[in-house]
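Peer 1: Pasting a structure here, questions to come.
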Amino acid sequence: NSSRLVLFVEIQPQHCKTNRVEPNATIGEIKSMFHKSHPQWYPARQSIRLDPKGKSLKDEDVLQHLPVGTTATFYFRDLGAQISWVTVFLTEYTGPLVIYLMFYFRVPFIYASKYDFTTSKHWVVHLACMCHSFHYVKRLLETLFVHRFSHGTMPLRNIFKNCTYYWGFAAWMAYYINHPLYTPPIYGEQQIRLALIIFLFCQIGNFSIHIALRNLRPPGSKTRKIPYPTKNPFTWIFLLVSCPNYTYELGSWLGFTLMTQCLPVAFFTLVGFVQMTVWAKGKHRSYLKEFRDYPPLRSPILPFIL
Amino acid sequence: MASSEEDGTVEEKENNNKKRTKSALVTAWLTFYNIAMTAGWLVLAITMMRFYIQRGTHKGLYRSIARTLKFFQTFALVEVRLTFVGIVKTSVIVNGVQVCSRIFMVWFVTNSIRQIQNEESVILFLVVWTVMEISRYSYYTFSLLHHLPYFIKWARYNFFIVLYPLGVAGELLTIYAALPFVRRSGMYSMRLPNKYNVSFDYYYCLIIVMLSYIPLFPQLYLHMLRQRRRVLHGEVIVEKDE
């Protein structure tokens, strides 16, 4: 996987041979060219750089704006098999949806056979199933119709890692919530009602943020802008937080934990919170680096706290 | 840190001095830590030998060193912090996994399950751990003091070849011996129904721990083999970088 291969390119006004390109050619075109001569490395898995230890060049970079002369030496690195973000998201979200339902309907071999295909006698279990399913259906639809991804692909091994996480936790939670010996929340209806309100509020909030982020970026572009509150009150949290989508996500899962009073759910919420905090801090830092006028009041994920 | 050309050199010197005193303190602390750990494990080794020579049996040996063992093995958690901060150049994950498995054995197996404390497998891994830790900590100590006798380096990077598998065997046999006692007593376990809607079976947890040795042990072993080739034979191994 080391940057041994060197692509030698001559820059000339007319390109009539391979390895000769016009000055206004982009890195993307270079990648296509390289793919033709090395068919096993499709463009998504190529990392092209000017220095073997340097940063990867972007597809949109134009040759004549790079520090090259009449010839350019590029270093190639194989990023390994790639898979598209959309594929990963669809797979990792469909799993929990299906798996939870299998536990909800008490498919055979999970619980004692006398419980096969029975349903729980607690109404909160039905409510929890609706909420969980709604959450993942929402995520699937957002992946298909709302999100605009800046990267097309990610390394293939990520899909195994991500699916293990999502599917594993979904199975663990669903096992206990739909168990014949499930104990409903101590404070009964009050607790469940409050939890449902928190959950729905945060689901709407999370969706509003995704829409707001989508509208920041025109279709097909990769421009980056600071997100600001819009007319939608759910986006006013942008005044205090850089990544409110994560804040609302945390809120949703806190609501679900309260609703089900299930320790595995609490654990899942905690792990998710840690991961989202890491992402939020990274995003916050890159906002600060990229924009001089970034609003100083904002915190990465929790207002004033984190 | 932007500084103008003129007073740049003065600031740089000050910063370098600060860095040097800081790293001198860190080195001093590290040296003290490694000396203390070497001494601790030496004490353990000597106590164990004395016990066996005086009593002629290994029964009761664990009890006699239990407190010292727990102290020094738990203190090794400090190392994880050091690797994480970057002061010690071992991989955080490798070191973390090793320390975790040690702490688990000491606190959650031999400490909690009294009936297996006189098993031969316990003595096996105790002996292995003692030899490995003495050679490891004395290696670190002498490296920090810049006077590393070759035989210590040789010991550290060769003993493990036989001792690692022996130690793993001792640990696995001990956990296996503990299983029936765990099942019977139901220790550390929680059953349904309960208000947290969770269950935990320590018996199956131990089985999973035993199974986890299968992927983890070869990785640790190969890592040490690679280190050995690099340190003893000066080979440059290209690690797969992401």
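Peer 1: Output the number of the condition that B:MET210 fails; it satisfies all remaining conditions of (1) within 14 Å of chain A (Cβ to nearest Cβ); (2) under 23 Å from the mean Cα position of the chain (by Cα).
Peer 2: The number of the failed condition is (1).
Peer 1: Go over the candidates A:SER120, A:SER133, A:SER221 one by one and state the one that is surrounded by 14 or more Cβ atoms within 10 Å (Cβ to Cβ) and either within 14 Å of chain B (Cβ to nearest Cβ) or more than 28 Å from A:MET102 (Cα to Cα) (or both).
Peer 2: After ruling out the rest, the residue left standing is A:SER120.
Peer 1: Quick one: A:THR143 ticks every box in (1) within 14 Å of chain B (Cβ to nearest Cβ); (2) crowded, with 16+ Cβ neighbours inside 10 Å; (3) within 14 Å of the chain's Cα centre (by Cα) bar one, so which box is it?
Peer 2: It is condition (1) that A:THR143 fails.
Peer 1: Among (1) in contact with a Pro (Cβ under 6 Å, 6 or more places away or on another chain); (2) assigned to a helix (DSSP H, G or I), there is one condition A:CYS129 misses while meeting the rest; what is its number?
Peer 2: Failing condition for A:CYS129: (1).
Peer 1: Going through the range B:184-207 one residue at a time, which ones are within 14 Å of another protein chain (Cβ to nearest Cβ) and among the aliphatic types (A, V, I, L, M)?
Peer 2: Result: B:MET190, B:LEU192, B:VAL198.
Matching residues to (1) under 20 Å from A:MET154 (Cα atoms); (2) part of a loop (DSSP other than H, G, I, E, B); (3) free of Cβ contacts under 8 Å to residues at least 24 places away in the same chain:
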position: A:PRO23; (1), (2), (3): no, yes, no
position: A:GLY28; (1), (2), (3): yes, no, no
position: A:LYS31; (1), (2), (3): yes, no, no
position: A:HIS35; (1), (2), (3): yes, no, yes
position: A:GLN40; (1), (2), (3): yes, yes, yes
position: A:SER47; (1), (2), (3): yes, no, no
position: A:ASP51; (1), (2), (3): no, yes, no
position: A:LYS55; (1), (2), (3): yes, yes, yes
position: A:ASP59; (1), (2), (3): yes, yes, no
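Peer 1: Right, something else. For A:GLN261, state whether it is under 30 Å from B:PHE200 (Cβ atoms) and surrounded by fewer than 19 Cβ atoms within 10 Å (Cβ to Cβ).
Peer 2: It is false that A:GLN261 is under 30 Å from B:PHE200 (Cβ atoms) and surrounded by fewer than 19 Cβ atoms within 10 Å (Cβ to Cβ).
Peer 1: Oh, and also: So for the range A:277-290 (the condition being touching a residue at least 24 places away in the same chain (Cβ under 8 Å), under 24 Å from A:ILE192 (Cβ atoms), away from chain B (no Cβ under 14 Å) and assigned to a helix (DSSP H, G or I)), does at least one residue qualify?
Peer 2: Looking for residues that are touching a residue at least 24 places away in the same chain (Cβ under 8 Å), under 24 Å from A:ILE192 (Cβ atoms), away from chain B (no Cβ under 14 Å) and assigned to a helix (DSSP H, G or I), one finds none in the range A:277-290, hence no.
Peer 1: Something else now. Going residue by residue through the range B:134-154, is there one that turns out to be assigned to a loop (DSSP other than H, G, I, E, B), over 18 Å from B:ARG226 (Cβ atoms) and touching a residue at least 60 places away in the same chain (Cβ under 8 Å)?
Peer 2: Yes, because at least one residue in the range B:134-154 is assigned to a loop (DSSP other than H, G, I, E, B), over 18 Å from B:ARG226 (Cβ atoms) and touching a residue at least 60 places away in the same chain (Cβ under 8 Å).
Peer 1: State which residue is modelled with the highest pLDDT when the search covers only the range B:213-242 and only residues that are away from chain A (no Cβ under 14 Å) and surrounded by fewer than 10 Cβ atoms within 10 Å (Cβ to Cβ).
Peer 2: B:ILE214
The values are calculated or read from the model by the stated rules, or taken from the named source; none is laboratory data. These numbers were taken from a predicted model, which means no experiment stands behind them. Neighbour counts run over all protein chains shown; Cβ positions are idealised from the backbone, glycine included.
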